[in-house]
Amino acid sequence: AAAADDDDASARALLTVLRRIGAALEAQRDLSLRLAPRPLEEVLLMADFLGVPYGGDRGSELLWIADAALCSELPLGWAEHVTDDGTPYYHSLWSNKVMWEHPQRAWLRGVATAAREGAALLAHTGYT
């Protein structure tokens, strides 16, 4: 019974965190969609790329992760640069870290991983 209670508490905590992240990105996504609406096909392709679970029991509840990954705005403290051959790369002004993948997309890849791993826990506990 204690393990089931722990699983239920973990499922609730995961769902709460995912909802808070989604709400925090909502204004950015709204502005991005007004400037350049994205077709559903693009969102689904990004969902597949990130490994965001959708369809079946999960429905479209987590597609906001893929939609947010399509927003081009850089997180605070990041700058975009371009190599001599035109390839973009990103530099953190605070940590001095350099990366090839858009930092928001990289971060959302982690969110997608947590959502994917949490989907089994949520299904196990029956918490929605």
Legend entry - Checklist (1) within 25 Å of GLU26 (Cβ to Cβ); (2) modelled with pLDDT under 85 applied to ALA123, failing item: (1)
Inset, instruction - Go through the range 48-97 and give me each residue that's touching a Leu at 6+ places or on another chain (Cβ under 7 Å) and loosely packed, with under 14 Cβ neighbours inside 10 Å. - result: GLY77, ALA79, GLU80
Legend entry - Search result, residues across the range 7-35 that are within 17 Å of GLY118 (Cβ to Cβ), of a type outside the set (A, V, I, L, M, F, W, C) and either modelled with pLDDT of 70 or more or under 19 Å from the mean Cα position of the chain (by Cα) (or both): ASP8, SER10, ARG12, THR16, ARG19, ARG20, GLY22
Legend entry - Criterion violated by ARG38 - all others in (1) modelled with pLDDT of 70 or more; (2) part of a helix (DSSP H, G or I) satisfied: (2)
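The values are calculated or read from the model by the stated rules, or taken from the named source; none is laboratory data. Since we're looking at a predicted model, the values are computed, not measured. Every residue, glycine as well, gets a Cβ built from its backbone with ideal geometry; the counts of neighbours run over all protein chains shown.
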